[in-house]
Amino acid sequence: MADTKYYELYRRGSLGGALTDTLDKLITDRRIEPQLAMKVLMHFDKAIADVLAEKVKARMSFKGHLDTYRFCDEVWTFIIKDINFKLDNTSTVHADKVKIVACNTKRPGEV
């Protein structure tokens, strides 16, 4: 994990939030140093990215109305309204509004 940078997206999820809250409490209680907490978060970012890339094999398609999109710092963000997700060609899930954040998985220099 030397100089490779991973996205910090998953820190905002429930698992990442719980980890961040716990690390903050440990720092506040002076049980760990902030530098150790940052190392833990960097390992979390890498582990989540690796597991999702290697283990998730399900396919999904979706159809909806594109409301907003933007591209900033190599990250696409889409807001889609009235969206239907079709999972593995079987079940369908509907949502009124969804935010999709898409990042490039290629590292600089990779083809």
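Please report the orientation-averaged projected area of the range 60-103, defined via the convex hull of its C-alpha atoms, in nm².
3.1 nm²
What order do you get for Arg11, Arg59 when you list them from fewest to most C-beta neighbours inside 10 Å?
Ascending number of Cβ neighbours within 10 Å: Arg59, Arg11.
In the range 1-89, which GluC sites (Glu not before Pro) are in a loop and have at most 11 other Cβ atoms within 10 Å, using DSSP for the loop call?
Those satisfying the criteria are Glu74.
Which three extents, in whole angstrom, do the alpha-carbon atoms of the chain cover along their principal axes, largest first?
Sorted largest first, the three principal extents are 49, 35, 28 Å.
Of Asn84, Val51, Ile27, which is farthest along the charge dipole of the chain in the positive direction, counting Lys and Arg as +1 and Asp and Glu as -1 at C-beta?
Working it through, the farthest residue towards the positive pole turns out to be Asn84.
How large is the charge dipole for the chain, taken about the Cα centre, if only the Cβ atoms of Lys, Arg (+1) and Asp, Glu (-1) carry charge, to the nearest 20 debye?
Dipole size: approximately 220 debye.
Counting helices only, and only those DSSP H runs with n ≥ 4, report the 222 nm mean residue ellipticity of the chain as the sum of -39,500 (n - 2.57) divided by its residues, in deg cm²/dmol to the nearest 500.
After summing the helix terms and dividing by the residues of the chain, the value is -11500 deg cm²/dmol.
A short reminder: the numbers here are calculations on the coordinates, not readings from a lab. Keep in mind the model is a prediction, meaning the values are calculated, not measured. Counting neighbours? That spans all protein chains shown, and the Cβs are built from the backbone with ideal geometry, glycine included.
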